[in-house]
Amino acid sequence: LAGSAEEDARQLAEYLQGFKGMGALVFERQGELHVTNRIDYDQAALNELVKKQYQAVSEENLSLGLLTPEALAYYWVSLVDRDYVKGVLSATDAKQYQKVGARVQRELGLSLDEVIAAVGPQTGLVVNEIVNTGLFPFPKVVVYLQIRDHEVARQIVDRLRQDITDRGFATEQSEEVNGHTMYYWSLLPGEATQPALVLTDNMLYVANGK
């Protein structure tokens, strides 16, 4: 355990190199919670993986349409590419990329490189509200991923749908939403227990409630 903790600390130190300071200001104003963050860093001294994240920011944020005044949390990044994914997977195990690639090939019939090339670079999530599931409160979350190759993305979606059907979790249902087909599965009664997905021309949306 001590060795594992030391390795984690070493990796964290590598990712934080070049950062000079971080701070956040949280305050309430007229019933609204405001959060302001500031990070000071020396870009030339940043870890190469972190530097690439900053350099990968797209000019247009494709997910802003998901934001509403009622949104509780929002996260957006623009860094999903082969180098980034390989760097993350290989951070603790140099062979992890190959291991994940073998599983992706087995499950989807596509190479990991093909999958990564078909998506990104933008991804993130939005928490719209907290709903009562009947047992406990649960957030309604939408995860989104930019699509670059629609045909490959459609193949992935169809394979996932077939896998859910084969496992017998729930019966697939669908409905048309703004010209696109939304697929969903009612696992339990409640707003946040109906996994749903929609593939549009340039985005894949996955949510835990339709």
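The values are calculated or read from the model by the stated rules, or taken from the named source; none is laboratory data. Since the model is a prediction, treat every value here as computed from it, not as a measurement. Note: ideal-geometry Cβ built from the backbone for every residue, glycine included; neighbour counts use all protein chains shown. Surface areas here come from the heavy atoms of the whole protein model, side chains and all, with no ligands, DNA or RNA. Shrake-Rupley method; radii C 1.70, N 1.55, O 1.52, S 1.80 Å.
Every condition in (1) open to solvent by 80 Å² or more (accessible area, probe 1.4 Å); (2) at pLDDT 90 or above holds for PHE136 except the one numbered (2).
Regarding THR36, is this residue closer than 22 Å to VAL142 by Cα, modelled with pLDDT of 80 or more, open to solvent by less than 80 Å² (accessible area, probe 1.4 Å) and of a type in the set (Ser, Thr, Tyr)? Walk me through it before giving the result.
On the way: closer than 22 Å to VAL142 by Cα: no; modelled with pLDDT of 80 or more: yes; open to solvent by less than 80 Å² (accessible area, probe 1.4 Å): yes; of a type in the set (Ser, Thr, Tyr): yes.
So THR36 does not fit the description; no.
Among the conditions (1) touching a Ser or Thr at 6+ places or on another chain (Cβ under 9 Å); (2) farther than 21 Å from GLN194 by Cα; (3) open to solvent by 60 Å² or more (accessible area, probe 1.4 Å), LYS86 misses just one, which is (1).
Sort out which residues of the range 156-210 are loosely packed, with under 12 Cβ neighbours inside 10 Å, assigned to a loop (DSSP other than H, G, I, E, B) and free of Cβ contacts under 8 Å to residues at least 24 places away in the same chain, and write them in order of number. Once the filter is applied, which keeps residues that are loosely packed, with under 12 Cβ neighbours inside 10 Å, assigned to a loop (DSSP other than H, G, I, E, B) and free of Cβ contacts under 8 Å to residues at least 24 places away in the same chain, the range 156-210 yields GLY168, THR171, ASN178, GLY179.
Checking the stated criteria, LEU25 turns out not to satisfy the condition of being farther than 21 Å from ILE116 by Cβ and either under 17 Å from the mean Cα position of the chain (by Cα) or modelled with pLDDT under 80 (or both). Only a single item in (1) free of Cβ contacts under 8 Å to residues at least 40 places away in the same chain; (2) outside any helix (DSSP H, G or I); (3) among the β-branched types (Val, Ile, Thr); (4) surrounded by 11 or more Cβ atoms within 10 Å (Cβ to Cβ) is not met by VAL80, and it is number (1).
Among the residues of the range 130-150, which ones are touching a residue at least 12 places away in the same chain (Cβ under 8 Å) and either at positive phi or outside any strand (DSSP E or B) (or both)?
Start the filter on the range 130-150 by keeping residues that are touching a residue at least 12 places away in the same chain (Cβ under 8 Å), which leaves 130-134, 138-150.
Those that are touching a residue at least 12 places away in the same chain (Cβ under 8 Å) and either at positive phi or outside any strand (DSSP E or B) (or both): THR133, GLY134, ARG148, ASP149, HIS150.
For VAL50, the criteria (1) touching an Asp or Glu at 6+ places or on another chain (Cβ under 7 Å); (2) surrounded by 15 or more Cβ atoms within 10 Å (Cβ to Cβ) hold in every case but one, which is (1).
Would you say ASP93 is outside any strand (DSSP E or B) and within 24 Å of ASN47 (Cβ to Cβ)? Reasoning before the result, please.
On the way: outside any strand (DSSP E or B): yes; within 24 Å of ASN47 (Cβ to Cβ): yes.
Answer is yes for this residue.
Being open to solvent by less than 70 Å² (accessible area, probe 1.4 Å), of a type in the set (Gly, Ala, Ser) and not in a helix (DSSP H, G or I) is a description that does not apply to ALA153. Take the conditions more than 30 Å from LEU33 (Cβ to Cβ), open to solvent by 30 Å² or more (accessible area, probe 1.4 Å) and in contact (Cβ under 8 Å) with a residue 40 or more places away in the chain and apply them to GLY109. Does it pass? Yes; evaluated as a whole, the condition is true for this residue.
Name the residue, out of LEU197, LEU110, that is in contact with a strand residue (DSSP E or B) (Cβ under 7 Å, 6 or more places away or on another chain) and among the hydrophobic types (A, V, I, L, M, F, W, C).
None of the others qualify; the one that does is LEU197.
Being surrounded by 12 or more Cβ atoms within 10 Å (Cβ to Cβ) and free of Cβ contacts under 8 Å to residues at least 24 places away in the same chain narrows it down to one of TYR97, TYR15, TYR74, so name that one.
On the way: TYR15 fails: free of Cβ contacts under 8 Å to residues at least 24 places away in the same chain; TYR74 fails: free of Cβ contacts under 8 Å to residues at least 24 places away in the same chain.
The match here is TYR97.
With respect to being open to solvent by 60 Å² or more (accessible area, probe 1.4 Å) and more than 28 Å from ASP149 (Cβ to Cβ), VAL26 fits the description.
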